[in-house]
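K.L.:
Below is a structure I'd like to ask you about.
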Amino acid sequence: MINLKEFRKYAHQLADWMADYYKDIENYPVKSSVKPGDIFNSLPDLPPSEGESMDKILMDFQFGILPGITHWQHPNFFAYFTANASYPSILAEMLTTAMASQCMIWETSPAAAELEEKVMNWLRSMIDLPSNFEGVIQDTASTATLVAILTAREKCTDYRINEQGFTGTEKLRLYCSTETHSSIEKAVKIAGLGRKNLVKVEVDETLAMKSDKLREAIENDLSHGLKPFCVVATLGTTGTLAIDPLHSIAQICEEYKLWLHVDAAFAGTALVLPENRWMTIGVEQADSFVFNPHKWMFTNFDCSAYFVKDKEALIKTFEILPEYLKTKTHGTVNDYRDWGIQLGRRFRALKLWFVIRNFGVDGIKEKVHEHIKLAKNLAEKIKNSEDFILFEPQHLNVVCFRYQPLQISNIDEINHMNQNLLQKLNESGEIYLTHTKVNGMITLRMVIAQTNVEKKHVDKAWELIKQTTKNL
Ligand SMILES: Cc1ncc(COP(=O)(O)O)c(C=O)c1O
């Protein structure tokens, strides 16, 4: 293994590699084009018995691993939702990884716990959540949603399931829209509720939940002796960024005394801009809220901001106190191991702190505003183009569209053309997009949220899309 002197040398070398990577990132194909098994088969079946030189390892990284990497930080990455990063965030990650502290309880790194509390308060005020929400960093929105559902389950059963397990008489029912992210279904399965007890509520033509259908579903369940306990509302669905009507959903939850969890995994970052806060009218009635700074707030994956109103219920659901974790400070400080599933925790607050301080709140707002402006601009061009159909309403910085020349009306043919278009675009290595299905129609999505994306990238992507349709 290398010694401290060599470590210093390679750390400098890799710092240069990182800066060069970002300098040259546009020269890489956005999406890796390796075939399944290419990387695996290029690697030896057995680990080396003797240590190998760092030079050789780095060479193999450069030529053997890097070709199998999709470059999520490339400004032409328009796929899925972004997992954007930024220079201050990367620098913080370097420190986090060097200290390699285990931040499970206050005593195992007091600064990590206290910084987490502080930056979560900052985030809460940046997105204008009510001050009676308390924040904790989870790894992902999937985990945060699972945490919310488990807390809701325990609160509504007086913490009985944690004690005794399911007796079969609970009949708990949870509601979300048909467009909700698959992590909700996964959480329902893990929480032992049974997939059949997840009620998927119909959506309207904007793909947002119909709140009258939610009420109907709840009433119907009550009349059959079932027990509604939780609703998940989505602000910004994964397919088209549809926004569920939080205000009316919150009123229904209030009326029937249901836990309301808000999943704003991607779109939550847009709340830094006051003009987008129409989405959160009614949020003061929610019980929990999640958004991912690791998607659109320039903070390296993973970093998911989870806010909960009833902190005691959260802690009561997850608290464990084995002898070796007993401390004198317990109860007077935040021991975050009791605020979620993991015991061991990374020091994630540091990168948020670096990002918020180095961008400044205004800097974050500026970038988010710019992304939305770029998307609106593109949406306008698509709308004015004869051969393309824009999906509307177009929200924030996600643009959904399909190629549909006037002379073609057969749905299968249109779907086939769009699949073909997507494949050709992605194989080009120039840009990377993904798709969704809207009413059976393949629909392409462009997510304009990459940290370094500029107008020239979006313009070039649009030209490439139009050009590629000529060769379908
Ligand atoms: C709306 C929504 N919720 C939840 C998730 C899950 O996010 P994570 O990868 O942080 O678990 C996603 C992922 O894209 C999402 O789009």
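K.L.:
Across region 332-412, how many lysine pairs, 8 or more positions apart or on different chains, have C-alpha atoms separated by under 26 Å? Please give the number.
P.N.:
Lysine pairs meeting both conditions in region 332-412 amount to 10.
K.L.:
Right, something else. Can you classify region 1-102 as rounded, prolate or oblate using the Cα gyration tensor, where a ≥ b ≥ c are the square roots of its eigenvalues, rounded means a/c under 1.5, and otherwise it's prolate if a/b beats b/c and oblate if not?
P.N.:
oblate
K.L.:
Tell me, Cys230, Cys303 in order of fewest to most beta-carbon neighbours within 10 Å?
P.N.:
So the ranking, lowest neighbour count to highest, is Cys303, Cys230.
K.L.:
Choose one of Pro67, Ser49, Ala83: the residue whose Cα lies farthest towards the positive end of the charge dipole of region 1-102 (beta-carbon charges +1 Lys, Arg; -1 Asp, Glu; about the Cα centre).
P.N.:
Ala83
K.L.:
Another question about this same structure. Based on the alpha-carbon gyration tensor of region 348-472 and its eigenvalue square roots a ≥ b ≥ c, which shape applies: rounded if a/c is under 1.5, prolate if not and a/b is larger than b/c, or oblate?
P.N.:
Prolate, since a/c reaches 1.5 and a/b exceeds b/c.
K.L.:
OK, next. So for Ile408, Ile161, Ile389, Ile249, fewest C-beta neighbours within 10 Å to most, what's the order?
P.N.:
By the 10 Å Cβ count, ascending, the order reads Ile408, Ile389, Ile161, Ile249.
K.L.:
Amide H neighbours of Trp259 under 5 Å, counting only residues 5+ apart in sequence or on other chains, H built in-plane at 1.01 Å?
P.N.:
Cys230, Val231
K.L.:
Can you give the translational diffusion coefficient of the chain in µm²/s, computed by Stokes-Einstein from the Kirkwood radius over Cα pairs at 10 °C and 1.306 mPa s?
P.N.:
My calculation gives 65 µm²/s for D.
K.L.:
Using the basic label-point model (7 angstrom from Cα toward the beta carbon), what is the Gln285 to Glu26 distance in nanometres?
P.N.:
Label-label distance for Gln285 and Glu26, simple model: 4.9 nm.
K.L.:
Need the C-alpha centroid separation for region 202-269 versus region 95-154, integer Å.
P.N.:
Using only Cα atoms, the two centres lie 25 Å from each other.
K.L.:
Charges at C-beta only: +1 for Lys and Arg, -1 for Asp and Glu. How large is the resulting dipole of region 86-133 about its Cα centre, in Debye rounded to 20?
P.N.:
That gives region 86-133 a dipole magnitude of about 80 debye.
K.L.:
Treating only the Cβ of Lys, Arg, Asp and Glu as charged (+1, +1, -1, -1), what charge dipole size does the chain show about its Cα centre? Round to the nearest 20 debye.
P.N.:
It works out to roughly 40 debye.
K.L.:
With +1 on the Cβ of every Lys and Arg and -1 on the Cβ of every Asp and Glu, and nothing else charged, how large is the dipole of region 195-350 about its Cα centre, in debye rounded to the nearest 20?
P.N.:
The calculation lands at about 680 debye.
K.L.:
Let me see the pair-distance distribution of region 391-456: every alpha carbon pair, 10 Å bin width, integer percents in order.
P.N.:
For region 391-456, the binned pair fractions read 19, 48, 29, 4 percent.
K.L.:
Counting other Cβ atoms within 10 Å, which GluC sites (Glu not before Pro) in region 18-104 have at most 10 and lie in a DSSP loop?
P.N.:
Of the GluC sites (Glu not before Pro), the ones in loops of region 18-104 whose Cβ has at most 10 other Cβ atoms within 10 Å are Glu50, Glu52.
K.L.:
Counting other beta carbons within 10 Å of each Cβ, put Tyr28, Tyr324, Tyr159 in order, fewest first.
P.N.:
Exposure proxy ranking, most exposed first: Tyr324, Tyr159, Tyr28.
Just so you know, all these numbers are worked out from the coordinates, no wet-lab data involved. Since the model is a prediction, treat every value here as computed from it, not as a measurement. Every residue, glycine among them, receives a Cβ derived from its backbone with ideal geometry; neighbour counts consider all protein chains shown.
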